[in-house]
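The values are calculated or read from the model by the stated rules, or taken from the named source; none is laboratory data. In this text the structure is predicted, and so the values were computed from the model without any measurement. Here the Cβ positions follow ideal geometry from the backbone for every residue, glycine too, while neighbour counts run over all protein chains shown. Side chains are part of the model used for accessible areas, which takes the heavy atoms of the whole protein and leaves out ligands, DNA and RNA. Shrake-Rupley method; radii C 1.70, N 1.55, O 1.52, S 1.80 Å.
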Amino acid sequence: MDLFEYCDFSALKALTWIGNNAFTECISLHVPLLPESLTDIQNNAFQGCPGVIITKLPNNLERIGTNAF
């Protein structure tokens, strides 16, 4: 069962990273916007999420980990 379907992180101004396996296997996840403060998407953060839709990556993003998507 997915605990997350629609996650809008755009208002989280202090969010700088999304951790390893944070949303692994969230099948119906939709993330329209990530905050500009985000610099790191760690390994497997969205792995196994076939429906993940991120419409824009932040300009400040420095690292996308292995199998992040």
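Within segment 34-41, is even one residue in contact with a Gly (Cβ under 9 Å, 6 or more places away or on another chain), within 16 Å of ASP8 (Cβ to Cβ) and modelled with pLDDT under 95? The answer is no; no qualifying residue exists. Of all residues in segment 46-59, one or more are open to solvent by less than 40 Å² (accessible area, probe 1.4 Å), in a loop (DSSP other than H, G, I, E, B) and at positive phi.
Is one or more of the residues making up segment 10-31 open to solvent by less than 30 Å² (accessible area, probe 1.4 Å) and touching a residue at least 40 places away in the same chain (Cβ under 8 Å)? No; the residues of segment 10-31 include none that is open to solvent by less than 30 Å² (accessible area, probe 1.4 Å) and touching a residue at least 40 places away in the same chain (Cβ under 8 Å).
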